[in-house]
Structures are given as structure tokens and as C-alpha cells.
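Here is the structure we will look at.
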Amino acid sequence: MRIVSRIVAVAVLLTLVLSSSASALDLETDFKPPPGEVGTPYEFQFKGEEGCLPYRFSYLNGTVPPGLRITVDGKLIGTPTQAGSFYFWVGLDDSVDCMSVQSQGDFTMLVMPDLAVGTTSLQRATPGQPYTATLAATNTEVGWPLGWDLTQGTLPQGLSLSEGGVISGTPTGPDTKTFVVRVREPFRRFGERQLTLVVATVLQARSALRTGEVGLRYAGSLPATGGTPPLTWSLTSGTLPRGLSLNATTGAIRGVPRAPGRFPLTAAIKDAAGQQTTVTGTLRIAAKLELVTTRLPRAVVGDTYHARLAATGGLDPVGWRIVRGNLPPGVRLDPRTGALAGIPREAGVFRITVQATDRLGAKSTKALRLTVSG
């Protein structure tokens, strides 16, 4: 009887062990977390089998991707903040009534960098000229094709965005458009960026060559508008007066001319997009202002007196004044014409210094003597 009892006990124990093994708690490790992306909200549900509900999940060790956490109901949730491959262990417990042995499993999760539009700016376009710009993406993954879309705004008229990320076409006129482009992987990551595309106005130029004078600092220009900066200037015909030079990046003509004359010239202006225009003009440099009167005719007390100061060069109008000394009483200097006129009332020798000033501010002085006899 004792032997039979032992056999029965062993059989019962074996049945209990087999029954317990068949319903053992199991954390499914074949069901892996899919890759995540930095900056994109993420959620994954761990799974368990057998045992008794409710399940309780917990983090055991290793490194969970920064920004994510494991909840008690089995969610890996959050927003990843760091790219990389992360390895960690998870524990699964069931109801305390079952007293099951904890099931443990290891997991590896890949967090990819944020897919982004790498293009930060676009070159200007020119009306009527073909335009092409290829957009670039950063943090791409080998094996996944990229697609491109406009998610906000529109492109300038005449341009379009291809699925491959190429903006192309021929813009029809000056325009400025701000829009948002999106780069995407199929059913996965995407990134967006706001861009602005300027279709520049047609490049135009004009001459602003004022008249200069030998010995005076000169400032003229060949201003241009429109086009795509930077612009460049160059002389294609003619020469500048000695002492002057053309700034190739601003179109300014500066210096102190050393020779008078008329200087016809033609300049070409080019922009960064290949537009080109020309402008013609004539630069006139006047001779240096010089007061040429060296002697004044004698005057007689009581007689009408008239003399005229003379100057060469310079630019009209020329103004006149006495800067030192005095004329005889009764005689005056006309500041507009340089004429000395009147009826002298006093005999003597009158020493004066006269100055001529032209419209550019050039000055010439001369010391003269006017003798009045009695």
C-alpha cells in the first residue's frame, strides 16, 4: 500500500509540474520595438502570454533610449532625444494570485537622427531664365527612398517641385515666395523647413557721371538695380581720366582727376545669375579753375570806372569776392560777374586779394593793385 501511495503522489506532483509549465508567464521578445526618431513622439506596446492578468511590466537594467520610459502597463513611450542603438531588459509579472515566476527579456531599439531638410537657402532666380535648385536632406538612411512635397505656400509662377526634390522651371516675372518643403521616407520619418525664393527683377543700369574738375576729388557712379547679387562692373570700351578708377564691386568711380577732357566709356554689369547689361556715358572733366587777371586798369577820381576780372577752367557759375584789402570808395565788385564798376572818390593805391569760386567749390585767388589818380 505504501508503494502505491508513493506512486500516486509522484503522479500528482508530475501533473502539477506539467500543468504549471504549460501556463508559465512569458514576455514576448520576438516582438521588437521598431526604430524611433529623435524629436518624434514614440509609443510601443510590450506583449506577454500565459500567466494571470493583469500584467505588470518593469524596467530591469540596461539603457532605455533617453526621452522614453517603460510604463507598468507595458508601454515604451515618450519622445527620443538622442540617436543610437540602445539595449535594455524588461520584466513581466502577473497577478499576485498566480505567484508566477517573473519573465524577463532583452530588447534592442534603434533611434535614428531626425530626418531634416538640409537646404537652408535658395539662390535667386531671374525672370525668363531657366532655374534649377536641388534640395538636400540630412540624417538619411540607406535603403529608404525620399520624397518631397510643398506643405505650405506656393513657388513663384513658372517653377515646380519634383518628387525628387528639384525646383525647376523658368520664372515668368519678379516675385518673392515663402513656402514650406517636406522631405519624407515612405510611412516613416519626415522633416520640414521654411524657405524663401526670390525671383530678381531684370538687371538694369544707368549713368550717374557728373562733371568733375582737375584737382578736385571726384565721386560718380554707374548704379544698377535688380539682378542677383553680387554684381560686378567692368569697362568694355573707353578709358577713365588719369587719377580715377572704377570699383568693380560697387560701380563707383572715385579719385582726383589729373587731366581735363571728355571721356566716352561703356561699362558692363553682370550679376550672380548670369544676367548682363551695359551702360554708356561720357565723363567730362573741366580744367582747373584759374584766375587769370594780372593787372587792373588805372582809375581817375570822378570818372566812371569799369574793369572785369577773368578766370579760365572750372565750372559755371563762378562767384567773386574780395578776401583781403578794400576797393576805392565808390567802386564795387559784382559777385556774380566779377565786374569792378563805379566812380572812385579817392586817389591812392588800393591793394586787394580777389577770389573766384566755381560751382564745385574750386577756388583761385590773386593779389591785385588798383591805382586811382586825382
query: Looking at this structure, is THR266 among the hydroxyl-bearing types (Ser, Thr, Tyr), touching a Pro at 6+ places or on another chain (Cβ under 7 Å) and farther than 26 Å from GLY215 by Cβ?
result: no
Given the criteria over 21 Å from the mean Cα position of the chain (by Cα), outside any loop (DSSP other than H, G, I, E, B) and within 30 Å of THR282 (Cα to Cα), does GLY215 qualify?
no
PHE187 vs (1) more than 20 Å from the chain's Cα centre (by Cα); (2) of a type in the set (Phe, Trp, Tyr); (3) not in a loop (DSSP other than H, G, I, E, B): all pass except (3)
Among (1) closer than 28 Å to GLY212 by Cβ; (2) touching a Phe, Trp or Tyr at 6+ places or on another chain (Cβ under 7 Å); (3) assigned to a strand (DSSP E or B), THR277 falls short only on (2)
Of ALA259, ALA272, the only residue that is loosely packed, with under 14 Cβ neighbours inside 10 Å, part of a loop (DSSP other than H, G, I, E, B) and within 43 Å of the chain's Cα centre (by Cα) is ALA259
Residue hits (the range 34-58; under 40 Å from the mean Cα position of the chain (by Cα) and aromatic (Phe, Trp, Tyr)) are TYR42
By my count, strands (runs of 3 or more DSSP E) wholly in the range 333-374 with at least 1 residues that are touching a helix residue (DSSP H, G or I) at 6+ places or on another chain (Cβ under 6 Å) are none
With criteria (1) surrounded by fewer than 14 Cβ atoms within 10 Å (Cβ to Cβ); (2) over 17 Å from GLN123 (Cβ atoms), GLU185 comes up short on (1)
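For (1) more than 30 Å from GLU141 (Cα to Cα); (2) assigned to a strand (DSSP E or B); (3) among the β-branched types (Val, Ile, Thr), each residue gets a yes or a no:
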{"site": "GLY164", "(1), (2), (3)": "no, no, no"}
{"site": "THR172", "(1), (2), (3)": "yes, no, yes"}
{"site": "VAL183", "(1), (2), (3)": "no, yes, yes"}
{"site": "THR201", "(1), (2), (3)": "yes, no, yes"}
{"site": "ARG210", "(1), (2), (3)": "yes, no, no"}
{"site": "THR236", "(1), (2), (3)": "yes, yes, yes"}
Picking from THR79, THR132, THR151, THR138, the residue that is among the hydroxyl-bearing types (Ser, Thr, Tyr), surrounded by fewer than 20 Cβ atoms within 10 Å (Cβ to Cβ) and farther than 30 Å from THR176 by Cβ would be THR79
Checking the structure you have, find out if any residue of the range 293-312 is small (Gly, Ala, Ser), under 30 Å from GLY227 (Cβ atoms) and modelled with pLDDT of 95 or more. no
- prompt: Being in contact with a Pro (Cβ under 9 Å, 6 or more places away or on another chain), more than 17 Å from VAL117 (Cα to Cα) and not in a loop (DSSP other than H, G, I, E, B), is that true of even one residue in the range 144-161?
  reply: yes
State whether one or more residues within the range 337-345 are closer than 30 Å to PRO229 by Cβ and modelled with pLDDT of 95 or more. no
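The values are calculated or read from the model by the stated rules, or taken from the named source; none is laboratory data. For clarity, every value in this text was computed on a predicted model and none was experimentally measured. As a convention, Cβ positions derive from the backbone with ideal geometry for all residues, glycine included, and neighbour counts pool all protein chains shown.
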